[in-house]
Amino acid sequence: MKTRTKVILSTLAALLLLAAAIAAGLNAVFTVTYVRADFTTFSEEGDRDAEELKQKLDRFVGKSTTFLDLGEIEKTVKEYPHFSILSLGKKFPATVEISLAERREEYAFCAEDGSFTFLDEEGRFLTEGNQDTLNRSGGQNILLKGFSLSVAETGEAEGEYFADLLTVMGEFAKVLPEVRVNVVSVELDLGTTDLNFVTFRIRMKEGVVIVIRTPFLRAAEKAAMAAASYNALGDEERLYGFITVFETAEGELRSVYVRSDLFS
């Protein structure tokens, strides 16, 4: 009986040693030896952040490829809000691949304390507490006026008519080389309690102001017409006046340009 027990114990010990050897072998094979990080940047500050983030990602070298939690990598990237992950995955046996892109600052709105909160092109939160509207590329972000905005837990900015603003700017982006270079500010004018008086007043860099009436109706069509009307102006015409886009009682969209130094 004792001999049989010894045999069983010896067998169990051998199995445990074999399992440990297999685990050690697998760990040696399936261990991260390289984090391949591809960055798309457009600013010097983005280049510096990318280099710093790459060093932090290299800390995952030596971790088990099998048991590595990609959520830990995502958590590390979140320390750099100007970067978003385009793709992330494991390439067995020993590589982690990640592709990141610098998020472009586009909008700024003033907080109660007088500082500015920055949003990206898609209206997602980037940073807060900024003392001016200067962006990473050395220009100015588009200043939003009259919008009552808040940032949800998802990072999305929310507020009345904000989705319509993004639609309008999306149409502008199809025509203008870079929207924030051409657009200085967008002001939401609620007018009276009559929704027919709700307007976006879009001040362009040269001085002309684009007015889109009832932007919550046919926003994309009105924006496309406004952008086309702006492009059709001569250099001098862009210095003054208004381009007003509205819908007639018959449902026709119209764009009217009025040049007046009084409205420059």
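Let's see how each residue does on (1) in a helix (DSSP H, G or I); (2) under 25 Å from the mean Cα position of the chain (by Cα); (3) modelled with pLDDT of 60 or more:
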{"position": "12", "(1), (2), (3)": "yes, no, no"}
{"position": "15", "(1), (2), (3)": "yes, no, no"}
{"position": "39", "(1), (2), (3)": "no, yes, yes"}
{"position": "54", "(1), (2), (3)": "yes, yes, yes"}
{"position": "59", "(1), (2), (3)": "yes, no, yes"}
{"position": "67", "(1), (2), (3)": "no, no, yes"}
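Among the residues of segment 30-68, which ones are in contact with a helix residue (DSSP H, G or I) (Cβ under 7 Å, 6 or more places away or on another chain) and of a type in the set (Ser, Thr, Tyr)?
41, 64
In segment 229-261, what residues are outside any strand (DSSP E or B), closer than 20 Å to residue 196 by Cα and either of a type in the set (Asp, Glu) or touching a Leu at 6+ places or on another chain (Cβ under 8 Å) (or both)?
250, 252
With respect to residue 97, determine if the residue is assigned to a strand (DSSP E or B), open to solvent by 20 Å² or more (accessible area, probe 1.4 Å), touching a residue at least 40 places away in the same chain (Cβ under 8 Å) and of a type in the set (D, E, K, R).
Answer is yes for this residue.
Just give me the residues in segment 238-249 being over 27 Å from residue 163 (Cβ atoms) and open to solvent by 70 Å² or more (accessible area, probe 1.4 Å), in sequence order.
239
Scan segment 193-228 residue by residue and report those that are open to solvent by 80 Å² or more (accessible area, probe 1.4 Å), part of a loop (DSSP other than H, G, I, E, B) and under 23 Å from residue 109 (Cα atoms).
205
Does residue 74 satisfy the condition of being open to solvent by 50 Å² or more (accessible area, probe 1.4 Å) and among the charged types (D, E, K, R)?
Considered against the rule, which asks whether it is open to solvent by 50 Å² or more (accessible area, probe 1.4 Å) and among the charged types (D, E, K, R), residue 74 comes out as yes.
Tally up the residues in segment 169-192 that are open to solvent by less than 70 Å² (accessible area, probe 1.4 Å) and within 19 Å of residue 220 (Cβ to Cβ), please.
Residues flagged as open to solvent by less than 70 Å² (accessible area, probe 1.4 Å) and within 19 Å of residue 220 (Cβ to Cβ) within segment 169-192 amount to 12.
In segment 131-168, which residues are closer than 11 Å to residue 108 by Cα and either part of a helix (DSSP H, G or I) or open to solvent by 40 Å² or more (accessible area, probe 1.4 Å) (or both)?
131, 132, 134, 140, 143, 145
Looking at segment 69-84 only, could you name the residues that are in contact with a helix residue (DSSP H, G or I) (Cβ under 8 Å, 6 or more places away or on another chain) and assigned to a loop (DSSP other than H, G, I, E, B)?
Result: 79, 80, 82.
List the pairs whose first member sits in segment 140-166 and is modelled with pLDDT of 95 or more, whose second member is of a type in the set (Asp, Glu) and in a strand (DSSP E or B), and whose Cβ atoms are under 6 Å apart, counting only residues at least 6 apart or on separate chains?
Partner pairs satisfying both residue conditions: 141/105; 145/187; 146/187.
The values are calculated or read from the model by the stated rules, or taken from the named source; none is laboratory data. Model, not experiment: these values are computed from the prediction. In this analysis, Cβ positions are derived from the backbone assuming ideal geometry, glycine residues included, and neighbour counts consider all displayed protein chains. Ligands, DNA and RNA are stripped out before the accessible areas are found, and what is left, the full protein with its side chains, is counted by its heavy atoms. Shrake-Rupley method; radii C 1.70, N 1.55, O 1.52, S 1.80 Å.
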